[in-house]
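The values are calculated or read from the model by the stated rules, or taken from the named source; none is laboratory data. Please read all numbers here as calculations on a predicted model, not as lab measurements. No Cβ is skipped: glycine too gets one built from the backbone with ideal geometry, and neighbour counts run over all protein chains shown.
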């Protein structure tokens, strides 16, 4: 038989306080993990690839049942993006800067190779 007593208000308050301490520790651990990932260019590149794969910055509408699948993937990506923005805003902005720099370098390389091949 359980020792739980629904009329013991003090015990309920202690359990709630213990649970809040665990929640706080888990939130801090998540924040530390995300900051660790976004502190390195490799982690930012990986996050950028995950967000692109999830279609965060694209429409998910297809006009058929594929929309539901894409919307599910996009939902996962939006959750990842929200966590990164909440816990590692500087890393998020660094990721955007690096993506813009990579896009410029890719465009310059394409322009150079298209001139050479013509």
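Based on what the data block shows, is residue 56 within 19 Å of the chain's Cα centre (by Cα), surrounded by 11 or more Cβ atoms within 10 Å (Cβ to Cβ), at pLDDT 95 or above and not in a helix (DSSP H, G or I)? Judged against the criteria, residue 56 is a match.
Annotation for the range 101-117: no member residue is under 30 Å from residue 28 (Cβ atoms) and not in a loop (DSSP other than H, G, I, E, B).
Listed by first and then second residue, the pairs with beta-carbon distance under 9 Å, at least 6 apart or on different chains, first residue in the range 41-57 and in contact (Cβ under 8 Å) with a residue 24 or more places away in the chain and on the phi < 0 side of the Ramachandran plot, second loosely packed, with under 12 Cβ neighbours inside 10 Å and not in a helix (DSSP H, G or I), are 51/57. Can you give me the number of residues within the range 1-15 that are surrounded by fewer than 10 Cβ atoms within 10 Å (Cβ to Cβ) and assigned to a helix (DSSP H, G or I)? Final tally of qualifying residues: 2. Tell me, yes or no, whether the range 62-76 has at least one residue that is exposed (fewer than 11 other Cβ atoms within 10 Å of the Cβ), at negative phi and either touching a residue at least 40 places away in the same chain (Cβ under 8 Å) or not in a helix (DSSP H, G or I) (or both). Checked against the condition, which is being exposed (fewer than 11 other Cβ atoms within 10 Å of the Cβ), at negative phi and either touching a residue at least 40 places away in the same chain (Cβ under 8 Å) or not in a helix (DSSP H, G or I) (or both), the range 62-76 yields at least one hit. Quick check on residue 40: is it more than 16 Å from residue 80 (Cα to Cα), surrounded by 10 or more Cβ atoms within 10 Å (Cβ to Cβ) and either modelled with pLDDT under 95 or under 16 Å from the mean Cα position of the chain (by Cα) (or both)? Considered against the rule, which asks whether it is more than 16 Å from residue 80 (Cα to Cα), surrounded by 10 or more Cβ atoms within 10 Å (Cβ to Cβ) and either modelled with pLDDT under 95 or under 16 Å from the mean Cα position of the chain (by Cα) (or both), residue 40 comes out as yes.
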